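The values are calculated or read from the model by the stated rules, or taken from the named source; none is laboratory data. Remember, predicted model here, so these are calculated numbers, not experimental data. Neighbour counts run over all protein chains shown; Cβ positions are idealised from the backbone, glycine included.
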Amino acid sequence: MQGMMMQVDGQRYGTSHYNRPGSRSKDHVQENVRRMRQIQRRSKQREQESQQPVKVLWKSAQFSDVQSKIKDDIERPPSAPRPHSANYLRAHSRAGPPVKLESRPCTPDPEVSVPPAADAKNTKLVRRDIDFIKLNGRTVKHTKMQRAPSLTALDDLKKKDEDKLQNYQRGEVPKYLRTRQASWKQEEAERVANTPDPAMPPGHKMMPEAERTETLGLLRKKQDDLTRQLQALPLRNDTFRVRTCKQELENKIAEVEEAIKIFSRPKVFVKDE
């Protein structure tokens, strides 16, 4: 029960708003009725205000006898259109007189012969024994599936790349790289050939490799020829002619050997004429 309180050892637990001093219960029914009546009075007051006549606008006594021009224009009956403006901005007003189009005859409906209802019982339906399941299976088997052009092109490109990858010879230098390496070697050789040698003395030029090799071969042949002539001399050199001939051959052989040493070098410089 709400009004009851509990007391233990001289202390109270719980409160009751019914027994609170100075408080009284609130009648909600009466309060709701009062609010409803107040709302009704306000509604009636608004209705009365809306039914009151509209207040006439203030007008000066000086212009009390002057009629309103807007009122005259509204009450005036509409005048007839002017002749020259009767067709102003009218559709096809400048297209000339109207042209009468010849009407085409309508296409007749096809004649459909419908048998009378009395003959419907005598009509026989022709039924053919066709295995449509077997026919559809045969059609699907021999029909090629149509695919989109984009998917077909993509499959062809993928197959082409796979074939190229399978046929590629691994471990072999491609042809374009071999051509590029050969051109690099040739350019390097031309650069080295055209670069002036720092060891070249002024007023000289380097002998071409082909000319140096040819000269070296001629010197070696000359050395062999002089050696055979020296070996052909008699062993006894007690005569003046034999001693003189032997001395000349030895001097020539020494000159040829010195020339062979010079032309055996990788670079031979000759005086520029």
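Odds and ends about this structure:
- Qualifying positions in the range 241-273 - touching a residue at least 40 places away in the same chain (Cβ under 8 Å), part of a loop (DSSP other than H, G, I, E, B) and not β-branched (Val, Ile, Thr): Ser264, Lys267, Asp272
- Residue in the range 216-237 that is surrounded by the fewest Cβ atoms within 10 Å (Cβ to Cβ), counting only those that are assigned to a loop (DSSP other than H, G, I, E, B) and touching a helix residue (DSSP H, G or I) at 6+ places or on another chain (Cβ under 8 Å): Arg236
- Number of the exception - Glu187 against (1) farther than 30 Å from Val270 by Cα; (2) assigned to a helix (DSSP H, G or I): (1)
- Test: Val8 is modelled with pLDDT of 65 or more, out of contact with any helix residue (DSSP H, G or I) (no Cβ under 7 Å at 6 or more places or on another chain), surrounded by fewer than 10 Cβ atoms within 10 Å (Cβ to Cβ) and of a type in the set (Val, Ile, Thr): no
- Residue check for Lys160: modelled with pLDDT of 65 or more and in a helix (DSSP H, G or I): yes
- So Thr213, is it hydroxyl-bearing (Ser, Thr, Tyr), closer than 23 Å to Lys271 by Cα and loosely packed, with under 10 Cβ neighbours inside 10 Å: no
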